[in-house]
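I have placed the structure first, in the form of structure tokens, so that the comments after it can refer back to it.
Read the figures in this text as sums done on the coordinates, not as results from a lab. Predicted model only: the values in this text are computed from it and were never measured. Because the Cβ atoms are built from the backbone with ideal geometry, glycine has one as well, and the counts that use them run over all protein chains shown.
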Amino acid sequence: MSEDDVGRGAIVIVGGIVAAVLGFLIFVVLPGSLADLLGLLVTVGVVILGTRAAGDLADSVFPDYNAAEVAVEGPITRDGGTPGPIPGGAVGTTADDVVEQIERADEDDAAEALLVKLDTPGGEVVPSDDIRRAAADFDGPTVAYATDVCASGGYWIASGCDELWARRASIVGSIGVIGSRVNVSELADELGVSYERFAAGEYKDAGMPLKELSADEREYLQGIIDGFYEDFVERVAEGRGMDPEAIRDTEARIYLGDDAHELGLVDELGDRDDIEEHVADLIDTEVSVREFEPERGLADRLRGGATAVAYAFGAGVAGTVADDERGFRLRF
């Protein structure tokens, strides 16, 4: 047993004892016999929280890891909510949380490498780019790896990492953008609902579902999508070291890991053990990985325990990017 292990264990034990004593004094001794049972239960909770806090302190003083891992799972949004129009839908990745985790890992002297676990159909443009930028700024090797799905915004994030690994059955790709709008103008006519325009600026209400698109509006909205697509292609080409034309040739298709590897969309195929062996070669030492998670308070943790973890695949392999007041939607 190393000195670090002994020190870490000592901190955890002392922290647990201190928390137990404080909990007993505060919740059992002081209130008297009427609160004995409640005090005992609360004391147990305090011991658990105190031990966890002591464990976090021990990890910071005597780190037992040299690589950090962050996970991007589910639809990518700014606040972790459902990016689509389905009420009560899935909770996805909160981009700000992931960025905060990567930045903490980057500031952690113990973390020499970064693993980015990807299992996402994509999501909003700017939050996806925030994560990609944070990964690209990490001071050390960055290896992204796809588990089930690495599509659209997920692939955008991977393009900011040094390498992308996948399983043979992983779904990879969907390098494209889709725009959509709901057209209910005919239904409105049947119901006797009319649309009156009060707007300043010719294209302010372009895409409004209560009216038909004009040819100019259609060209304008398609131009927005084309602009997003060209930016997507250029970012991926730069990050992956690929010919932009080869990326356009995929026509936003999705591929299984084997095919994605043959096309150069994936660097290597392998499982988690293979990736850790590779990272060990990169940092020239045996790898021990710590998963960095969002820093949440007790109330957030309790709420999180009741949150559904399933999400709808929806809209092909892409998540919603933007939804403005006009009803026009873009998906990444």
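How would Ser288, Ser128, Ser185 line up from fewest to most surrounding beta-carbon atoms within 10 angstrom? Kindly include the intermediate steps, with their values, before the conclusion.
Details: Ser288 13, Ser128 28, Ser185 16.
Taking fewest neighbouring Cβ atoms as first place, the list is Ser288, Ser185, Ser128.
By how many nm would the segment from Ala10 to Arg272 grow when fully extended, if each residue of separation counts as 0.36 nm and the alpha-carbon distance is taken off?
Values: separation 262, 0.36 × 262 = 94.32 nm, distance 3.18 nm.
Here the answer is 91.1 nm.
Express in nm, to one decimal, how much length is gained between Glu293 and Tyr195 on full extension, taking 0.36 nm for each residue of separation and deducting their alpha carbon distance. Can you show the working numbers first?
Numbers: separation 98, 0.36 × 98 = 35.28 nm, distance 4.81 nm.
Extra length from Glu293 to Tyr195 when fully extended: 30.5 nm.
Which GluC sites (Glu not before Pro) in region 162-250 sit in a loop by DSSP (not H, G, I, E or B) and have at most 15 other Cβ atoms within 10 Å of their own Cβ? Each step should come with its number before you reach the end.
Working: sites: Glu163, Glu186, Glu190, Glu196, Glu202, Glu212, Glu217, Glu219, Glu230, Glu234, Glu238, Glu245; in loops: Glu196, Glu202, Glu212.
Sparse-neighbourhood loop GluC sites (Glu not before Pro): Glu196, Glu202, Glu212.
For region 119-221, which trypsin sites (Lys or Arg not before Pro) pass both filters: DSSP loop (anything but H, G, I, E, B) and at most 11 other C-beta atoms within 10 Å?
On the way: sites: Arg132, Arg133, Arg167, Arg168, Arg181, Arg197, Lys204, Lys211, Arg218; in loops: Arg167, Arg168, Arg197, Lys204, Lys211.
Here the sparse-neighbourhood loop sites are Arg197.
Using the basic label-point model (7 angstrom from Cα toward the beta carbon), what is the Arg181 to Glu262 distance in nanometres?
About 4.1 nm separates the two model spin labels.
Ala280 to Asp79: extension gain in nm, 0.36 nm per residue of separation minus the Cα-Cα distance?
So the chain would gain 68.9 nm between Ala280 and Asp79.
To the nearest 20 Debye, how big is the dipole of region 113-224 about its Cα centre, given +1 on the beta carbon of each Lys and Arg and -1 on that of each Asp and Glu?
On the way: 10 positive and 19 negative charges, 89 e Å.
Result for region 113-224 is approximately 420 debye, rounded to the nearest 20.
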